[in-house]
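**Student:** Take a look at the following structure, please.
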Amino acid sequence: MAPSLAYLAEHDVGTVIHLEVSGVSIDWSKNNPGTDHRSLFQNGDRTKLPSEEADNESDATYPEYDALSRTLARILPRLDLMGWTLDAARAEYNALVGDQSEIAEECVQDNPGVMTFEEFCAFAGRYCLKDLDDTYIERSDERDSIVKGRFHADEAEMDRLPMSYDSLYWSEKSYFASRVVLLSPYSMMQVFGQGELNLDSEVVWRYGPLVDAGWASVSDFAAGASRQQTILVATEGTTDSRILKRVFSTLRPDIADFFQFVDVDEKHPFWGTGNLVKFAEGLVRIDIQNKVLFVLDNDAEGVDALKRLSDLQMPPNMRAILLPDHEAFCSFPAMGPEGTRNANINGRAAAIECYLDLRLPNYGPPVVRWSNYKKDIDAWQGALEYKETYMRHFLEQPPEALRNDGYDTAKLECVLEAITVQAKLLQQHRLD
């Protein structure tokens, strides 16, 4: 629990900066930036906030300081892509409880039923953090009783919390933090994010005082995913990269900076699955340390390439997937020597264009055409007719149409989810 300015007024200390959730401090540092929290935020989150000394009832003028601020709801997806998932928070909590249980046994102390992780999340999310009283209580014999505020009624339940070694509190809000903020900052955000009450809480990294005091520069707080956290997405061609890049920037802007694509404005170096597999072979050979995700079309060529990539025994920082199967492809018009019949094109003809909105003006129903037989996987390869037209129609759509109901993005949402799941697994490898 970080000290407040009111507390600092009583003690001669340096410049302290906080990472807070609705004023509840979950991390702090003195006279240096401390833990690098830049990846929690994006450039649009930079703002100016009034000094913590300011109060709404006073007419006094207080300086404003630079800060990065974002709602908890928009932080959570970024935490997942940094490897700080809810499962990671659960493991951290259970390890804490286990360690304290061992200590209690060695000291022959009673260890009443400690809250499960789910109970801990429920308790932490029971209170709206922004509503907790942060009024500084002056030192007195009654101070300890006063700061407990509404939590007097919960003392029996709070006795089931893991042991806290923080006795630094001066208000109702800081008392709550001293008892509940028991895990690392990112795990605590996952905990607070499990309840609806705090999803709109502002997560604030108030770094301005440190910069003004000369302990750091503004460049030390450049927002965005770090190079170590970004994932290179390698696809079969320019079309795939261009579509995926636009879909992420439009439909998943809060996490788009975690994904880097081959420069889609230049000639794509990996035309086709064969070249993509050769590229992967080279990366494995040089033991690349970057995180790489190969995204293959859900067709016969892609299935064959995925098998070859699997045979490479890629390291944990490299993964490969097909575009996901979709129920819309289970019975899809397909044209062959015997005419047009409905067929399951999953794993046979579902390239990236099939995931676009196929309701094309002035065109009939979509259809794929079978082209060649892949003996190695015993399947026919097919491709969507007029696929370039479907792609151009997609690229012509304004962002608002993609975000609203003007364009059917249901299948693209499935693609985003599949890629995001793989990205989380890649980031978890980093933490392991």
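**Student:** Which of (1) more than 23 Å from MET163 (Cα to Cα); (2) modelled with pLDDT under 90 does GLY113 not meet, given it meets every other one?
**Tutor:** All conditions are met except number (1).
**Student:** Next up: List the pairs whose first member sits in the stretch 292-313 and is at positive phi, whose second member is surrounded by fewer than 20 Cβ atoms within 10 Å (Cβ to Cβ), and whose Cβ atoms are under 9 Å apart, counting only residues at least 6 apart or on separate chains?
**Tutor:** Once the first residue is at positive phi and sits in the stretch 292-313, its partners that are surrounded by fewer than 20 Cβ atoms within 10 Å (Cβ to Cβ) give GLN313/VAL284.
**Student:** Which number in (1) assigned to a loop (DSSP other than H, G, I, E, B); (2) touching a residue at least 40 places away in the same chain (Cβ under 8 Å) marks the one condition that PHE120 misses?
**Tutor:** For PHE120, the exception is condition (1).
**Student:** Using the structure shown, decide if TYR373 is of a type in the set (Ser, Thr, Tyr), in contact (Cβ under 8 Å) with a residue 12 or more places away in the chain and either surrounded by fewer than 19 Cβ atoms within 10 Å (Cβ to Cβ) or touching a His at 6+ places or on another chain (Cβ under 9 Å) (or both).
**Tutor:** So TYR373 fails the test.
For every residue, the table says whether it meets (1) touching a residue at least 12 places away in the same chain (Cβ under 8 Å); (2) in the same structural domain as LEU309 (by TED's automatic domain parsing); (3) under 19 Å from ILE17 (Cα atoms); (4) surrounded by fewer than 19 Cβ atoms within 10 Å (Cβ to Cβ).
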| site | (1), (2), (3), (4) |
| --- | --- |
| ALA156 | no, no, no, yes |
| LEU161 | yes, no, no, yes |
| ALA213 | yes, no, yes, yes |
| ALA216 | yes, no, yes, no |
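**Student:** I would also like to ask the following. Considering only residues of the stretch 34-87 that are part of a strand (DSSP E or B) and crowded, with 19+ Cβ neighbours inside 10 Å, which is modelled with the lowest pLDDT?
**Tutor:** Applying the filter and picking the extreme gives TYR65.
**Student:** Report the residue count in the stretch 188-207 for those that are surrounded by fewer than 21 Cβ atoms within 10 Å (Cβ to Cβ) and assigned to a helix (DSSP H, G or I).
**Tutor:** Counting residues in the stretch 188-207 that are surrounded by fewer than 21 Cβ atoms within 10 Å (Cβ to Cβ) and assigned to a helix (DSSP H, G or I) gives 2.
**Student:** Can you work out which of the residues in the stretch 385-427 that are among the charged types (D, E, K, R) and not in a helix (DSSP H, G or I) is surrounded by the most Cβ atoms within 10 Å (Cβ to Cβ)?
**Tutor:** The residue in question is GLU385.
**Student:** Now for a separate question. Just give me the residues in the stretch 218-227 being part of a loop (DSSP other than H, G, I, E, B) and in contact (Cβ under 8 Å) with a residue 24 or more places away in the chain, in sequence order.
**Tutor:** Within the stretch 218-227, ALA222, ALA223, GLY224, ALA225, SER226 meet the criteria.
**Student:** Looking at this structure, is GLU338 free of Cβ contacts under 8 Å to residues at least 24 places away in the same chain and over 32 Å from the mean Cα position of the chain (by Cα)?
**Tutor:** yes
**Student:** crowded, with 18+ Cβ neighbours inside 10 Å and more than 27 Å from the chain's Cα centre (by Cα): does that describe TYR175?
**Tutor:** yes
**Student:** Right, another one. From the list ILE345, ILE321, ILE377, pick out the single residue that is part of a loop (DSSP other than H, G, I, E, B) and either outside the structural domain of ASP297 (by TED's automatic domain parsing) or under 21 Å from VAL247 (Cβ atoms) (or both).
**Tutor:** ILE345
**Student:** Follow-up. State whether the residues of the stretch 338-345 include one that is surrounded by 23 or more Cβ atoms within 10 Å (Cβ to Cβ), in contact with a Phe, Trp or Tyr (Cβ under 6 Å, 6 or more places away or on another chain) and of a type in the set (Val, Ile, Thr).
**Tutor:** Looking through the stretch 338-345, at least one residue is surrounded by 23 or more Cβ atoms within 10 Å (Cβ to Cβ), in contact with a Phe, Trp or Tyr (Cβ under 6 Å, 6 or more places away or on another chain) and of a type in the set (Val, Ile, Thr).
**Student:** Right, next: Any residue at all in the stretch 20-33 that's part of a helix (DSSP H, G or I), within 13 Å of ARG206 (Cα to Cα) and modelled with pLDDT of 90 or more?
**Tutor:** No, every residue in the stretch 20-33 fails to be part of a helix (DSSP H, G or I), within 13 Å of ARG206 (Cα to Cα) and modelled with pLDDT of 90 or more.
**Student:** Can you confirm whether the stretch 173-180 contains a residue that is of a type outside the set (S, T, N, Q), more than 17 Å from LEU132 (Cα to Cα) and modelled with pLDDT of 90 or more?
**Tutor:** no
**Student:** Counting only residues that are charged (D, E, K, R), over 30 Å from ARG392 (Cα atoms) and modelled with pLDDT of 95 or more, how many does the stretch 197-251 have?
**Tutor:** 2
**Student:** Determine if the stretch 273-288 includes at least one residue that is closer than 29 Å to GLN42 by Cα, in contact with a helix residue (DSSP H, G or I) (Cβ under 8 Å, 6 or more places away or on another chain) and not β-branched (Val, Ile, Thr).
**Tutor:** Scanning the stretch 273-288, I find no residue that is closer than 29 Å to GLN42 by Cα, in contact with a helix residue (DSSP H, G or I) (Cβ under 8 Å, 6 or more places away or on another chain) and not β-branched (Val, Ile, Thr), so the answer is no.
The values are calculated or read from the model by the stated rules, or taken from the named source; none is laboratory data. None of these values were measured; they are calculated from a predicted model. As a convention, Cβ positions derive from the backbone with ideal geometry for all residues, glycine included, and neighbour counts pool all protein chains shown.
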